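Here the structure is laid out as structure tokens; the discussion comes afterwards.
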Amino acid sequence: MTLASNWNYITRGMVWSSLAVADLDEDGKLEVVAGSFDKEVYCLNSTGGLKSDYTTRDPIQSSPAIGDLNRDGRKVIVGSRDFYVHCLNSSSRLKWTHMTGGPVLSSPAIADADQDRQLEAIVGSLDQNVYSLSKIGKLKWKYGTGGLVWSSPVVADVDGNGMREIVIGSADRTSTACLGQAV
């Protein structure tokens, strides 16, 4: 098989993280979302043209996550080295931010981790904490790992008990934490 480039978009900084693809504005066409070391979150149309962008205060290494947190349209959630988790609407307009105590290199997971029928954004920070943020960016809880958290969370029923757990790595010498609801 021979591959050819369909399109390219040149950013002003390297793209470190994975991209996200979704129909953000529900027009039947997919958009491509990328964070860059130039501090920009880019939203590109299906032909590679710039649809919208948003500027953070520092480079982005976090992969964007896309989900409809509060049933009013898909949002882009992304962390930045500026210590913030940013939530953007389909036009790259800021909906909310949440400040952590360190750079956010972790890529967010969007899930109903606590099974309250509300989606949360779960993300790690280099401040050694894992954060659960509500649909409006309010802190639901945070968990101290004792080590830097740059890995990305996975939310699943790991132990088969019918409840979702959060699995995330940390630089605390125990490597991995499985967080579940306390009984």
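Between Leu30 and Arg57, residue separation times 0.36 nm minus the direct Cα-Cα distance comes to 7.0 nm. Can you tell which of Tyr84, Tyr131, Ala177 lies farthest toward the positive end of the dipole of the chain, using +1 and -1 charges on the Cβ of basic and acidic side chains (Lys, Arg; Asp, Glu)? Of the candidates, Tyr84 comes out farthest on the positive side. When Asp27, Asp159 are compared by accessible area at a 1.4 angstrom probe, the order from most to least is Asp159, Asp27.
Would the range 131-183 count as rounded, prolate or oblate if I go by the C-alpha gyration tensor, calling it rounded below 1.5 in a/c and otherwise prolate when a/b exceeds b/c, oblate otherwise?
Details: a/c = 1.87, a/b = 1.08, b/c = 1.74.
It is oblate, given that a/c is not under 1.5 and a/b is not larger than b/c.
Once the chain from Ile10 to Asp72 is taken as fully extended at 0.36 nm per residue, the excess over their C-alpha distance is 19.2 nm. An oblate overall shape is assigned to the range 40-96, the ratio a/c of its alpha-carbon gyration tensor axes (a ≥ b ≥ c) being 1.5 or greater and a/b not exceeding b/c.
Once both labels are positioned 7 Å from their Cα atoms along Cα-to-Cβ, the gap between Asp172 and Ser91 label points is 4.2 nm. Expressed as a fraction of 2.2 N^0.38 Å, the C-alpha radius of gyration for the range 80-181 is 1.04.
Tell me, what is the per residue accessible area of the chain in Å², probe radius 1.4 Å?
Solvent-accessible surface per residue comes out at 52 Å².
Between Asp38 and Asn161, take the C-beta separation as r, use R0 = 45 Å, and let me know the FRET efficiency to the nearest 0.05. The computed FRET efficiency comes out at 0.50. Normalising by residue count, the range 1-88 has a Cα convex hull of 105 Å³ per residue. Under 19 Å of direct C-alpha separation, and excluding same-chain neighbours fewer than eight residues apart, Lys39 reaches these lysines: Lys51, Lys75, Lys95.
The values are calculated or read from the model by the stated rules, or taken from the named source; none is laboratory data. Computed from a prediction, not measured in an experiment: that's the story for all the values here. All Cβ positions, glycine included, derive from the backbone under ideal geometry; neighbour counts span all protein chains shown. Just the protein is used for accessible areas: all its heavy atoms, side chains included, with ligands, DNA and RNA removed. Shrake-Rupley method; radii C 1.70, N 1.55, O 1.52, S 1.80 Å.
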